[in-house]
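Here the structure comes first, spelled out in structure tokens, and everything after it is commentary.
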Amino acid sequence: MPNDQDVKYAIEALLFASERPLSPEQIREAFSAEGGSASGGEASVRASRIKASLDELKSEYETQNRGFRLCEIAGGWQLATDDRFAPYLKRFFQNREKRRLSQASLETLSVVAYRQPVTRADIEFIRGVNVDGALKTLLEKGLVRITGRKEVPGRPMLYGTTKEFLEHFGLASVKELPALSEFTLKDIDENLLPPELKTDERK
């Protein structure tokens, strides 16, 4: 059985190597006997030790003012760069080719995020355009999923955001989305506004 210090730094190595957030259970399984299930294994590290190690690492990074932080994202834990250094990272990556979402896809994703669960017809009513292509793209990229059907005639499909959406935007849950009340009408694209807020003249 590894000592507490080894457990902490082994967790640090796992977080460093992982491209996605790791749940405490996934981390625990890495310590289980022969790499099997963590439940009941003699060599398994207790969940309380995993949690304590994560808390210690998070505190150490913050106290040492490091260039990265340990963040709780989408039910797991992930190392992420500190916001202070965003300008340097932006310049570093600005020449790299990146696959970006189109404006139409971003606008559709915004409506889904804030109005979920929402039907395609509801999205089109808000945006004023057909969203078949944008929804297809978002489904293919795993940012949006079908959550069920609305109990109305025709039972149209309902759409909502995914765990990948939370990971992509660094959110623990959709509750961390900025409240719409924090934006002024000037900040929000006319196409994203609900019909009751659309006006002929926006000051």
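The values are calculated or read from the model by the stated rules, or taken from the named source; none is laboratory data. For clarity, every value in this text was computed on a predicted model and none was experimentally measured. Quick reminder, even Gly has a Cβ in these numbers, built from the backbone with ideal geometry, and neighbours come from all protein chains shown.
Computed values, structure above
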{"read-out": "Residue list for segment 135-159, filter: assigned to a strand (DSSP E or B) and farther than 17 Å from L106 by Cβ", "value": "R145, I146, T147, G148, R149, M157, L158"}
{"read-out": "In segment 106-164, the residues that are closer than 21 Å to G75 by Cα, touching a Leu at 6+ places or on another chain (Cβ under 8 Å) and charged (D, E, K, R)", "value": "K141, R145, E164"}
{"read-out": "Residue tally, condition of a type in the set (D, E, K, R) and under 14 Å from the mean Cα position of the chain (by Cα), over segment 146-174", "value": "3"}
{"read-out": "Any chance E56 is modelled with pLDDT of 95 or more, part of a helix (DSSP H, G or I) and either within 29 Å of G170 (Cβ to Cβ) or small (G, A, S) (or both)", "value": "yes"}
{"read-out": "Near pairs, Cβ below 8 angstrom, 6+ apart or cross-chain, from segment 148-166 (within 28 Å of E176 (Cβ to Cβ) and outside the structural domain of L135 (by TED's automatic domain parsing)) to any residue that is hydroxyl-bearing (S, T, Y) and in a strand (DSSP E or B)", "value": "none"}
{"read-out": "Qualifying positions in segment 99-134 - in a helix (DSSP H, G or I), within 18 Å of V174 (Cβ to Cβ) and not small (G, A, S)", "value": "L106, E107, T108, L109, V111, V112, Y114, R115, D122, I123, I126"}
{"read-out": "Candidate set: segment 78-98, residues that are basic (K, R) and not in a helix (DSSP H, G or I); chosen: the one modelled with the highest pLDDT", "value": "R96"}
{"read-out": "Pick from segment 120-148, criterion β-branched (V, I, T) and touching a helix residue (DSSP H, G or I) at 6+ places or on another chain (Cβ under 9 Å), ranking: surrounded by the fewest Cβ atoms within 10 Å (Cβ to Cβ)", "value": "I146"}
{"read-out": "Any hit, segment 59-74, residues being in a helix (DSSP H, G or I) and surrounded by 13 or more Cβ atoms within 10 Å (Cβ to Cβ)", "value": "yes"}
